[in-house]
Amino acid sequence: MADATKWRTPHSFIHALGTGKHDLSADTLKIVLLLSSSNFETLALDTYSELTNEVATNYGYTQGTKTLANVTWTNNDDGTVDLDADDVVWNASGGAITARAAYIYNEDAPSDELVCYCILDSTPADVTADDGNPFTIAIHATGIIRGTRASA
């Protein structure tokens, strides 16, 4: 299993969160896999449609359709906020699934706003699940995003 990088947020996410475009406790969050040739590291991106080179629909992967399960957005007593969800699994079938990064977007926000991404192997290198094996993104025990809540 490869060690992924920490999840990173595009510039637009923090602003959108502050203006109410996201209700992370109720909105539908989706996750996609991207190839090494994608523009995922461009922090000026705002929407899912701006991402390039998503893994093709094939071998157990379908573009743009995987919903994060059991998403929680928590305002903690210590002044932090947490975004968490269950691990994500695609089952490779008929061939291998290969990706460099994963990106989460908010299907319920205007224009499918981007939330955060991670590089799946900190080397960085592609990660592959061969035919018959799961392609798993194991969410860290501390969740996807942990940040400090702004004070009034």
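The values are calculated or read from the model by the stated rules, or taken from the named source; none is laboratory data. Nothing here was measured: the structure is a model prediction, and the numbers come from that model. Ideal geometry is used to build each Cβ from the backbone, glycine not excepted, and the neighbour counts take in all protein chains shown.
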Of the conditions (1) touching a Ser or Thr at 6+ places or on another chain (Cβ under 7 Å); (2) of a type in the set (Ser, Thr, Tyr); (3) without any contact (Cβ under 8 Å) to a residue 12 or more places away in the chain, residue 19 satisfies every one except a single condition; which number is it? (1)
Which one of these does residue 126 not meet: (1) surrounded by 14 or more Cβ atoms within 10 Å (Cβ to Cβ); (2) in contact with a Lys or Arg (Cβ under 8 Å, 6 or more places away or on another chain); (3) closer than 18 Å to residue 30 by Cβ? (3)
Taking the range 41-71 only, how many residues are within 14 Å of the chain's Cα centre (by Cα), closer than 21 Å to residue 9 by Cβ and β-branched (Val, Ile, Thr)? 3
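The rows are residues; the columns are (1) surrounded by fewer than 18 Cβ atoms within 10 Å (Cβ to Cβ); (2) at pLDDT 95 or above.
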{"site": "15", "(1), (2)": "yes, no"}
{"site": "38", "(1), (2)": "no, yes"}
{"site": "45", "(1), (2)": "no, no"}
{"site": "49", "(1), (2)": "yes, yes"}
{"site": "56", "(1), (2)": "yes, yes"}
{"site": "59", "(1), (2)": "no, yes"}
{"site": "68", "(1), (2)": "no, yes"}
Filter the range 57-79 down to the residues that are in contact with a Leu (Cβ under 9 Å, 6 or more places away or on another chain) and either among the basic types (Lys, Arg) or without any contact (Cβ under 8 Å) to a residue 24 or more places away in the chain (or both) and list them by number. 66, 74
Checklist (1) under 19 Å from residue 142 (Cα atoms); (2) in contact with a Phe, Trp or Tyr (Cβ under 7 Å, 6 or more places away or on another chain); (3) not in a loop (DSSP other than H, G, I, E, B) applied to residue 33, failing item: (1)
